[in-house]
Structure formats: C-alpha cells, structure tokens
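Quick note: the coordinates plus some simple rules give every number you see, no bench work behind them. The structure displayed is predicted, hence computed values, not measured ones. Cβ: placed from backbone, ideal geometry, glycine included. Neighbour counts: every protein chain shown.
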Amino acid sequence: MIDGVSAQVRSWSYGNLSKRDALRFSRSVMKFGNESQINLISAEVGGAVGAAPLQAQTELFDVLIDGCREAVELESLDLKGPLLDFFGVPVKANELLIRVQEFQLLAKCITRYEDPIAQFRVLTYLKPLNWSKGCGWNQSRCYPLHHLYIHSEELAVIGVKKAYSKSGRKTSKKK
C-alpha cells in the first residue's frame, strides 16, 4: 500500500492491471477526461486496457472515478491532498475529479451547437501570415479550434474556483 492514500482500487472484472497500464490510464483520463472519449483513452493506453472490450474499459473508467470520489470524501490529511491507490499507482483524486468535471462541463456547452467549430470560426478574411505555411496553420480549422481551446480553459478556471469554494478553501484575492 502507498503511504498517505485515502482509498484503494485493486479489482477489475476483466482481470488485473499492471502499474504501467494503470499509470497510462490515469494520465489518459486526465488528458481526455470524458467517458465518451473511452476509445481514445484505451487506444492511448494500449496493453490490457486496449485489448479489453468496451464494457470493461467503461467499467475501469467508472471504478477510477468512484475511487477518486471515495478518496475525496474521506478527506486525507496528507499535504498532497487525497490520494487514490489505483492498482499500485498514486492518483491525485481531487485533481482528477476536477479535470473530469471540467471536460463534462465543456462537452455539455459544446453540444448546444450544431457545428461547434463553425461557432468559433473567424468570419473576416485574414491575410495569411508568413509562418503559417511552414507549420500547417489553416485559418478555417485552426482559428475555431484555438477559440474553442480558449473557451475550455476559461471553463477550467471557473471550475477550479468553484471547486475551491466548495471545499472550504478561499480563492486568493489580489488587492
């Protein structure tokens, strides 16, 4: 058992999970953060997760989220915050839950639009910059994606502020 953990996840109906796969899975969940992206998560992890059927992959995602919730509810006194022992890999439970909530909120906001990329498309024609051809910058696709990314970062900041206010911590105020 890892020092300072609040909860532990060691079972999965599909079998055991190596530390390598558990680490890669937790990092991929932090990267993609939404259950609807389970195909991308499992493809990035590979190994036992990639070979597992979709139902088992979804179960592993749910087990990770439930374990993080349990760790947060137990309120560890560890300085690093609540930790989850996920198949021998320490996972910062609060950070993972906040990240998943951010992605779920973003997905909810994006689904309002029929074509989210078109929603953020720049309507005026801009002269192509000299550097744009060298790196593959494409106005019609990259600008909307850039704006969508900025929108997701704004939601992340809002989500973090809400999470800190709910946990009893005060957000810093500049004077």
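If each residue of separation counts as 0.36 nm, what is the full-extension length gain between MET30 and GLU59 once their alpha-carbon separation is subtracted?
Net length gain for the segment: 8.8 nm.
For THR111 and ILE2, what is the calculated FRET efficiency with R₀ set at 41 Å and r taken between the beta-carbons, to the nearest 0.05?
Working from the Cβ atoms, E equals 0.60.
Is the C-alpha gyration tensor of the stretch 1-115 telling us rounded, prolate or oblate? Criteria: a/c under 1.5 is rounded; beyond that, a/b larger than b/c is prolate, otherwise oblate.
Oblate, because a/c is 1.5 or more while a/b does not exceed b/c.
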